[in-house]
Amino acid sequence: MTPFGRTTASLLARHLAVLATQKQLDDNDFVFPSSTWRKLIKRNFLRTWVQLQKKAGLKPLPIHELRHGFVRVWLLSGGGAFSLQIILGHSDPTITRKYVTLWASDLQRKHALHSPIDRFIRKLP
């Protein structure tokens, strides 16, 4: 199972609608096919990924960095580590931990939000 939000669902629906204008789709078709409607080859996908970023004037970002970015944003927005592990499909939390990169400023913000001493002091008269 791969959960995703409303925005992704909307974008996928639009993508499938575009595909449907090009070909009668059936259950055997790929959601992201090659230009010949076959299985997308990783090497070709990665090449296209880099080309599109360069065309947009961006410094190419390795595709796996999206996973690292997702992990960081998930945790900073309050998402739990256990649910993250399941979403990523990891059998062991040590694998998930390899994806966690929090900056000092991230930790300072989280600490300011959850510091037990600061929370206690705020409650004093």
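Every number in this text was worked out from the coordinates using simple rules, so none of it is lab data. The model shown is predicted, which means the values in this text are computed figures rather than measured ones. With ideal geometry, Cβ positions are generated from the backbone for all residues, glycine too; neighbour counts draw on all protein chains shown.
Think of the range 15-80 as a dipole: +1 on every Lys or Arg Cβ, -1 on every Asp or Glu Cβ, centred on the Cα centre; then among TRP37, GLN24, LEU58, LEU58 lies furthest on the positive end.
Taking the centroid of alpha carbons for each part, the range 89-125 and the range 1-35 are 37 Å apart. Projected label points at LEU102 and LEU46, each 7 Å from Cα along the beta carbon direction, are separated by 3.1 nanometres. The protection proxy used here, the mean number of other Cβ atoms lying within 10 Å of each residue, ranks peptides 51-60, 106-115 as follows, highest first: 106-115, 51-60. With the biggest extent put first, the Cα atoms of the range 1-61 measure 36, 29, 25 Å across the principal axes.
Taking θ as phi - 60° and the Karplus parameters 6.51, -1.76 and 1.60, the scalar couplings of the range 11-28 work out to 5, 5, 4, 5, 4, 5, 5, 5, 4, 5, 6, 9, 6, 6, 7, 9, 5, 8 Hz in sequence order, x denoting glycine and proline.
A full extension of the chain between ARG72 and ASP29 corresponds to an added length of 12.2 nm, given 0.36 nm per residue minus the alpha carbon distance.
Would you mind finding the longest exposed-site-free stretch of the chain, with exposed chymotrypsin sites (Phe, Trp or Tyr not before Pro) meaning DSSP loop and at most 11 other Cβ atoms within 10 Å? It works out to 5-102. The three principal axes of the C-alpha atoms in the range 1-121 carry coordinate ranges of 64, 32, 27 Å, sorted with the longest axis first. Rounded to the nearest Hz, the phi-derived 3J(HN,Hα) couplings of the range 59-76 under the Karplus curve 6.51 cos²θ - 1.76 cosθ + 1.60 (θ = phi - 60°) are 6, x, 9, x, 4, 5, 5, 4, 5, 4, x, 4, 4, 4, 5, 4, 5, 5, where x marks glycine and proline.
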